[in-house]
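The values are calculated or read from the model by the stated rules, or taken from the named source; none is laboratory data. Computed from a predicted model, the values in this text were never measured in an experiment. Quick reminder, even Gly has a Cβ in these numbers, built from the backbone with ideal geometry, and neighbours come from all protein chains shown. Please note that ligands, DNA and RNA were not included when accessible areas were found on the heavy atoms of the full protein model with its side chains. Shrake-Rupley method; radii C 1.70, N 1.55, O 1.52, S 1.80 Å.
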Amino acid sequence: MADAARARKVADRIHETVARLLQGRIKDPRLGFVTVTDVRVTGDLQQATIFYTVYGSDEDRRDSAAALNSAKGLIRSEVGRALGIRLTPSLTFQLDALPTQAKSFDDALARARAKDEEIARAHAGASYAGEEDPYRHDDEPDAESDDGDNAFDAADSADDVVPVGRADSTGVVSSAGGADDAGDADEAEA
C-alpha cells in the first residue's frame, strides 16, 4: 500500500490530467460543461474515482456521463503516461452530489427563513398574557415586607429558641452550667 501523501499526489495528478483532457483533447459533442471536483484513489493506487459536475439539465448530465464512459480508455492511457507508475489505476466517473445537496440546503434555509418571518409577523401584534417582565429585580421593593403578616415577630420567635449546650459522647445536649456539669466534674476527679 502507498502512504497517504503519495495517494494524494497521484489523485492530484489525475485531477489535473483529466481536467486538461476534458478541456482540449476530448471532442465528443455529448460532453457538456463538465467540471472535475475531486479525485479519490484507493490506498493501493489501483482504483481512482473521479467526481464531476455538469452545468445544465438532467439530459446534459446523462449525455456527459455517456461521453465520459466512452472516452474512459483514452483518459486512462493519458493518465498512465502522466503518472509514470507501473500500474495505471482503473477510472470510475461519479456524478458529484454536492451541488444537489447544496440546493436542497438552500431550499431548507429559505423555508426556515419564511417560517421565521411568519412567526415574527404573528408576534408583532401580540401582547403578553401577564406582566411584560414577570421576574423580580433587586432594585424593586419587596411587596411582602410591607405587611405585618409576614414580618418577623420577635415575640413569637422567643418561644422557638433552643438552648445551646454541649453534646456528650451519647449525643445528648446538656445546658451550660447545669447540675450535670457538676456531676461530670466529680466523676472526672475520681
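Taking the condition open to solvent by less than 60 Å² (accessible area, probe 1.4 Å), within 25 Å of LYS103 (Cα to Cα), at pLDDT 90 or above and under 38 Å from the mean Cα position of the chain (by Cα), does ILE50 pass? Against the criterion (open to solvent by less than 60 Å² (accessible area, probe 1.4 Å), within 25 Å of LYS103 (Cα to Cα), at pLDDT 90 or above and under 38 Å from the mean Cα position of the chain (by Cα)), ILE50 qualifies.
Taking the conditions (1) touching a residue at least 60 places away in the same chain (Cβ under 8 Å); (2) surrounded by fewer than 19 Cβ atoms within 10 Å (Cβ to Cβ) in turn, PRO89 satisfies each one other than (2). Could we say that ALA65 is aliphatic (A, V, I, L, M) and loosely packed, with under 14 Cβ neighbours inside 10 Å here? No.
Take ALA110 and tell me if it is of a type outside the set (Asp, Glu) and open to solvent by less than 70 Å² (accessible area, probe 1.4 Å). Taking the combined requirement at face value, the residue satisfies it. The one condition from (1) assigned to a helix (DSSP H, G or I); (2) under 34 Å from the mean Cα position of the chain (by Cα); (3) closer than 25 Å to LEU98 by Cα that ASN69 does not meet is (2).
For LYS103, are the conditions met, namely being touching a residue at least 12 places away in the same chain (Cβ under 8 Å), charged (D, E, K, R) and open to solvent by 40 Å² or more (accessible area, probe 1.4 Å)?
no
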